[in-house]
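What follows is one structure encoded as structure tokens, with my remarks underneath.
Read the figures in this text as sums done on the coordinates, not as results from a lab. Predicted model only: the values in this text are computed from it and were never measured. Cβ placement follows ideal geometry from the backbone for every residue including glycine, while neighbour counts extend to all protein chains displayed.
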Amino acid sequence: MRPSSTSAPASRADGSPAAGGAGAVPGAPGLPRLRATTNRAPAETATLEPGLDLVAHLRQHGRPRFRGAALLDKVQTAGLTGRGGAAFPVATKLAAVAAASGNAVAVANGAEGEPASSKDAAVLWFSPHLVLDGLQLAADVVGADTAYVYVHAGSDTRGGPDLPWHLRAALAQREAAGIDRVPVELVEAPPRFLAGEETALVSRINGDAARPTDKQYRPFQRGVGGRPTLVQNVETLAHLALIARHGATWFRSVGTRDEPGSMLCTVRESDGHVRVLEAALGAPLSFLLKLGDDVQAVLVGGYHGGWLSLTDARRLALCNAELRPAGTIVGAGVVIALPAAHCGLAETASVARSLALESAGQCGPCFNGLPAIAAALAELARPRPAGPALANLQRWAGLVAGRGACHHPDGTVRFVASALRAFAAEIAEHARGRCTAARSGLFLPVTAPAVTESDWR
Amino acid sequence: MRDANARLRVNRTHCTGHGACAELLPERVELDEWGYPIVSDTPLPARLTRAARQAVAACPELALRVAGGS
Amino acid sequence: MGITSSTALWYASRATGVVALVLLTVVVVLGILVNRRGRLPRLPRFATMSLHRSISLLAVAFLAVHVLTAIADPYVTIGIAAAVVPFSAAYKTFWIGLGAVSLDIMIALIITSLARARIGRRTWRAVHWLAYACWPIALVHSIGSSNDLRSGGLLALAVLCTAAVAGATGWRIVSAAAAPRPPERAGRALAKSRPRQGVGSPSRDAGRATADRPLTGAGVR
């Protein structure tokens, strides 16, 4: 799906005072922050792809004011966390890589993997120079002499925009202008769910398949070429680039105290319409999408996140403080409203099957357990399922979580467990031989199975 | 091995479910229904050190190790 | 009584050589069994690996006697160096040379296996592949160095050992080729857990966590 323009005005997506209110910095942007704008006359912009205007970018944002140790300090105060799903504190990561011995490597991770997510594609399409600024600034902080941009391959594989082409053009512009201190190489990722996992990314850049590795040594210790490697999501780097211009107070002017700042969300409404919008962390979910009575349940956090009942979704906000107790996470900001006409169990079973097939096939509990879970869910999605399916499901969920080299089994279990809660009524209906769904097609997007070695390279 | 916080760790990408570890150190390892080890995270007391060492050496894939510290 | 010390040394060398060959045959077969995650009946799993190692050390012991008696025997001119430096003996240079090659490989296998934890998986495995060269070279050395294996009971023994190694190796090749590669494994497991006849049927192994599994030879268990 092509990333579409940002949505509703800033005030709707913003759960806190807009620019001009308490904590705002004069001249600094309110929401949206990451969307590229241009002041050029239409004729001049006609030949330019969105975002590929280095001059306009520099005119709009100016040059970074903070670098190196000063920038690290700002990032620490700002409380910026990763926007790739794990929400790890960025300053901690930067400091860890900077402290590790040996020349470091910096990587911008744009391989979002999740089929329902297109926010990384959006920020790379509309604001590539912000991301690439962030990459240079981060490389500077950690003392890296090499940098990479890691994105899924061209438009035909995932139906999205041709990001490699787009980024190469942006990098060429920067090289011509001589603004990048550290050389940047583009590496293409296979269209796998796990391709963006940190160690899978390192593996791919090192020339092997994009499969996760054991965590005895994490990338910040030993990564690309055995060197300390900083891996940051592309949206995170864009925020970093803005903090370098506007400081920590500005960054914290939206969001909550514990989860400051804004984040890009890929929102799929119950009518199937998909948008990428920028929301303040802590904004009510009802600000992000329509939660009418035609919505059966809301999936927050993507396929490693969890389902919320409509009631819960209407009262909860986009922050881990509220979502974790409800059994889900912010993750990479995927929010999907499932229409009542579809069967929640069938949808979950379809996704579970896809997640099982996205297993890297390395760890026994994963490549055995996830298919077993998927098959049991498929059974539950039928009318009058066989007796042990639910009990088996619960047993396997307990057996599989935490026993893989990466968090794929854990995330899948979270997703499945939340489905068993959210669709409990549907499970009871199916046990009686009935399904409340009116529609038979599937609503949630899933990836095609990958069965050959080349699918992982 | 003298570390009070020594724990058994398995490299999940190398483990092929051979199962020798569960036989040599049943106090810390049991096998799931697919033959893969469920490793307890409790620290290894001194009396299990020898058995742990044997289990580590017995793994054909070198997937088992004893990690000290937290 | 007409048996000189030279004859005794010569017989000792040939006898220990035969025993070493048989032991090496068992070691290779056990090694393949470990690799394919098979187990010996009525023995625990770690026993396969344990026997593989113990018998390989026993084989080394017999090889040591085999080599030392051959060197000590004044009838044949085989110096100490010729035991490990291939093709440097004066007596039957080529055939003894093959023995030295095989011995060299064995020494490498033993040392890397003892230091396995230190040198890492990849290096260890790369060296251990040489085991498939070690055995045939030892066999050819045995056939060429003396007439013992060319007739009678010892010929039958040689044929038996060859059949065992060839059979085990063949099985290993077929089994490895049939085992699913990582990208195929989840798909295979999914196909296996698919219910039959459209009616739900849970996995047959449900509820049975067991440490007692039969020989599968497959990558998915």
Can you order the peptides B:48-60, A:344-356 by their average number of other Cβ atoms within 10 Å per residue, highest first? A:344-356, B:48-60
Hits among lysines - C-alpha to C-alpha of residue A:93 under 24 Å, sequence gap 8 or more where chains match: A:74, A:119, A:215
Computed over chain C, Kirkwood Rh from alpha-carbon pairs, angstrom: 20.1 Å
Computed ³J(HN,Hα) along region A:204-215: with the Karplus parameters 6.51/-1.76/1.60, θ = phi - 60°, integer Hz and x for glycine or proline, the list is 5, 5, 6, x, 8, 6, 7, 10, x, 10, 5, 9
Give me, ordered by chain and number, the residues 5 or more places off residue A:308 or on other chains with an amide H under 5 Å from its own placed amide H. A:298, A:299, A:300
Candidates C:159, C:101, C:18; GNM for chain C (alpha-carbon contacts under 10 Å) flags as most fluctuating C:159
Residue among C:68, C:149, C:43 with the largest mean-square fluctuation in a Gaussian network model of chain C, springs linking Cα atoms under 10 Å: C:43
What residues qualify as long-range amide H neighbours of residue A:145, i.e. H under 5 Å apart, gap of 5 or more or another chain, H built at 1.01 Å from N? A:104
What nm distance separates the two modelled labels at residue A:76 and residue C:8, each placed 7 Å from Cα along Cα→Cβ? 8.1 nm
Just check the protein assembly as shown against the gyration tensor rule for me: Cα atoms, a ≥ b ≥ c as the square roots of the eigenvalues, rounded for a/c under 1.5, and otherwise prolate or oblate depending on whether a/b exceeds b/c. prolate
Distance between modelled label sites at residue C:94 and residue A:55, nm, 7 Å Cα→Cβ extension: 8.1 nm
Against the longest alpha carbon principal axis of chain A, how many degrees, from 0 to 90 and to the nearest 10, is the axis of helix A:364-380 turned? 50 degrees
From the convex hull of the Cα coordinates of region A:375-457, what is the mean projected area in square nanometres? 7.0 nm²
Counting only residues 5 or more apart in sequence or on a different chain, those whose built amide H sits under 5 Å from that of residue A:317 are A:285
Computed lengthening from residue C:194 to residue C:87, 0.36 nm per intervening residue step minus Cα-Cα distance: 32.5 nm
Once Rh for region A:127-257 is found with the Kirkwood sum over Cα pairs, what is the Stokes-Einstein diffusion coefficient at 37 °C and 0.692 mPa s, in µm²/s? 208 µm²/s
Among rounded, prolate and oblate, which fits region A:78-117 when a ≥ b ≥ c are the square roots of the eigenvalues of its C-alpha gyration tensor, a/c under 1.5 means rounded, and a/b larger than b/c means prolate? oblate
If one compares the long axis through the Cα atoms of helix A:389-400 with the longest principal axis of the Cα atoms of chain A, the angle in degrees, nearest 10, works out at 40 degrees
Using a Förster radius of 22 Å, what is the FRET efficiency between residue A:217 and residue B:30 based on their Cβ-Cβ separation? Nearest 0.05, please. 0.20
Quick one: among C:42, C:14, C:125, which has the greatest mean-square fluctuation in a GNM of chain C with alpha-carbon springs under 10 angstrom? C:42
Report, to the nearest 10°, how far helix A:163-177 tilts away from the longest principal axis of the Cα atoms in chain A, using its own Cα long axis and a range of 0 to 90°. 10 degrees
State the Cα centre-to-centre distance between region C:127-157 and region A:211-290 in whole Å. 65 Å
Rounded to whole Hz, the Karplus (6.51, -1.76, 1.60) HN-Hα couplings of region C:37-43, x for glycine and proline: 6, x, 9, 7, x, 6, 10
So what J values fall out for region A:117-132 if you push phi through Karplus, 6.51 cos²θ - 1.76 cosθ + 1.60 with θ = phi - 60°, rounded to Hz, Gly and Pro as x? 10, 9, 6, 5, 4, 5, 5, 6, 6, 8, 9, x, 6, 5, 4, 5
What is the log10 of I(q)/I(0) for region C:67-147, computed with the Debye formula using one identical point scatterer on each Cα and no solvent, at q = 0.12 Å⁻¹? -0.39
Tally Lys and Arg at +1 and Asp and Glu at -1 over the other residues with C-beta under 10 Å from the C-beta of residue A:284: what net charge comes out? +1
Residue mean of other protein chain beta carbons inside 10 Å, C:113-120: 1
